[in-house]
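The values are calculated or read from the model by the stated rules, or taken from the named source; none is laboratory data. Worth saying up front: this structure is predicted, and the values here are computed from it rather than measured. These accessible areas exclude ligands, DNA and RNA; they are computed on the full protein's heavy atoms, side chains included. Shrake-Rupley method; radii C 1.70, N 1.55, O 1.52, S 1.80 Å.
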Amino acid sequence: MSQPPIQDWYTTLQPRTAAGRRFLEFCKTDRLIQQQNLMFDSKLYLQAVSYALAQIDTVSQSEQDAGI
């Protein structure tokens, strides 16, 4: 399976919080490791990262709004 270029893969994700940006940086490194596995599904990974990023940004934004 052909993997999209890393740069293109991440341009679709726009974290809104510092926690989201840190998570995305982790995912950039993790993806390089995970794609070594023949069973790696880039599309599924992107979906999972997008979902987790949305959750992180929502919680982090709620905490910021509450002054936590």
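Points worth noting:
- Boolean, Ser60 is modelled with pLDDT of 85 or more and either open to solvent by 40 Å² or more (accessible area, probe 1.4 Å) or over 9 Å from the mean Cα position of the chain (by Cα) (or both): no
- Every residue from region 12-28 that is open to solvent by less than 80 Å² (accessible area, probe 1.4 Å) and not in a loop (DSSP other than H, G, I, E, B): Ala18, Ala19, Gly20, Phe23, Leu24, Cys27, Lys28
- Only a single criterion out of (1) open to solvent by 70 Å² or more (accessible area, probe 1.4 Å); (2) within 21 Å of Thr11 (Cα to Cα); (3) at pLDDT 90 or above is not satisfied by Leu46, namely (1).
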